[in-house]
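Asks: I have a structure I would like to understand better, so I am pasting it below and will then ask my questions one at a time.
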């Protein structure tokens, strides 16, 4: 069952999806499809309190307030992909990392980012999108991070 984002508990689990291309489709249409998905989402016959966020034109973040089974997670993935297919929106493989160059969001492979940082073409103060967030609390606090405060820093040293 769709609920507004601010009504989710801080422990609501989340799943991050990156779109292959910017969502140029009418955002209200995308939101309508996501609300329908949330309204259909259930686990063992019980409605799941769920919501979503859209970030920039490339990110869809789904949230679920309850403990849910693997089957219901799989069904949400299937519903999301079906909805996005209708809108002609493809999901990107999560191997690319969203990094801010100035105020522009670009997607780079991890190895490319590490090379850019080592070659001093990017610095550790550049912001990145933290797609490893697991719940609403982490999303609220750590969605956008300096590279030096992210998991990526472990690969640079």
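Asks: Does the range 116-126 include one or more residues that are surrounded by 14 or more Cβ atoms within 10 Å (Cβ to Cβ), under 22 Å from residue 31 (Cα atoms) and touching a helix residue (DSSP H, G or I) at 6+ places or on another chain (Cβ under 8 Å)?
Replies: No, because not a single residue in the range 116-126 is surrounded by 14 or more Cβ atoms within 10 Å (Cβ to Cβ), under 22 Å from residue 31 (Cα atoms) and touching a helix residue (DSSP H, G or I) at 6+ places or on another chain (Cβ under 8 Å).
Asks: Also: Counting only residues that are farther than 30 Å from residue 35 by Cα, give me the helices (runs of 4 or more DSSP H) lying completely in the range 65-157 with at least 2 of them. Break it down into steps so the answer makes sense when it comes.
Replies: On the way: elements: 70-86, 110-118, 136-142.
Of the helices (runs of 4 or more DSSP H) lying wholly inside the range 65-157, those with at least 2 residues that are farther than 30 Å from residue 35 by Cα span 110-118.
Asks: Against the definition (under 28 Å from residue 148 (Cβ atoms) and not assigned by TED's automatic domain parsing to the domain that holds residue 113), how does residue 14 come out, yes or no?
Replies: Values: under 28 Å from residue 148 (Cβ atoms): yes; not assigned by TED's automatic domain parsing to the domain that holds residue 113: yes.
Criteria met by residue 14.
Asks: Name every residue in the range 26-56 that is in a loop (DSSP other than H, G, I, E, B) and surrounded by fewer than 15 Cβ atoms within 10 Å (Cβ to Cβ), in order of residue number. First the steps, then the outcome.
Replies: Narrowing the range 26-56 to residues in a loop (DSSP other than H, G, I, E, B): 26, 41, 44-45, 48-49, 56.
Within the range 26-56, 26, 44, 45, 56 qualify.
Asks: Sticking with this one: Kindly indicate whether any position in the range 94-111 is farther than 21 Å from residue 63 by Cα, touching a helix residue (DSSP H, G or I) at 6+ places or on another chain (Cβ under 6 Å) and either modelled with pLDDT of 90 or more or surrounded by fewer than 16 Cβ atoms within 10 Å (Cβ to Cβ) (or both).
Replies: Within the range 94-111, not a single residue is farther than 21 Å from residue 63 by Cα, touching a helix residue (DSSP H, G or I) at 6+ places or on another chain (Cβ under 6 Å) and either modelled with pLDDT of 90 or more or surrounded by fewer than 16 Cβ atoms within 10 Å (Cβ to Cβ) (or both).
Each row is one residue, and each column tells you yes or no for (1) touching a strand residue (DSSP E or B) at 6+ places or on another chain (Cβ under 8 Å); (2) modelled with pLDDT of 95 or more; (3) within 17 Å of residue 151 (Cβ to Cβ).
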position: 52; (1), (2), (3): yes, yes, no
position: 90; (1), (2), (3): yes, no, no
position: 113; (1), (2), (3): yes, no, yes
position: 122; (1), (2), (3): yes, no, yes
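Asks: Give me the residue from the range 57-72 that is buried (at least 16 other Cβ atoms within 10 Å of the Cβ) and within 15 Å of the chain's Cα centre (by Cα) and, out of that set, farthest from residue 97 (Cα to Cα).
Replies: Filtering the range 57-72 for residues that are buried (at least 16 other Cβ atoms within 10 Å of the Cβ) and within 15 Å of the chain's Cα centre (by Cα), the one farthest from residue 97 (Cα to Cα) comes out as 64.
Asks: To continue, here is another question. Go through the range 98-111 residue by residue and tally those that are within 16 Å of residue 144 (Cβ to Cβ) and touching a residue at least 24 places away in the same chain (Cβ under 8 Å).
Replies: 6
Asks: While we're on this one: So the check is Cβ under 6 Å with 6+ separation or different chains; which pairs have a first residue in the range 77-97 that's in the same structural domain as residue 54 (by TED's automatic domain parsing) and on the phi > 0 side of the Ramachandran plot and a second one that's surrounded by fewer than 15 Cβ atoms within 10 Å (Cβ to Cβ) and modelled with pLDDT of 85 or more?
Replies: Nothing qualifies.
The values are calculated or read from the model by the stated rules, or taken from the named source; none is laboratory data. Being a predicted model, the structure only gives us computed values, none of them experimental. Heads up, the Cβs are rebuilt from the backbone with ideal geometry, glycines too, and the neighbour counts pull from every protein chain shown.
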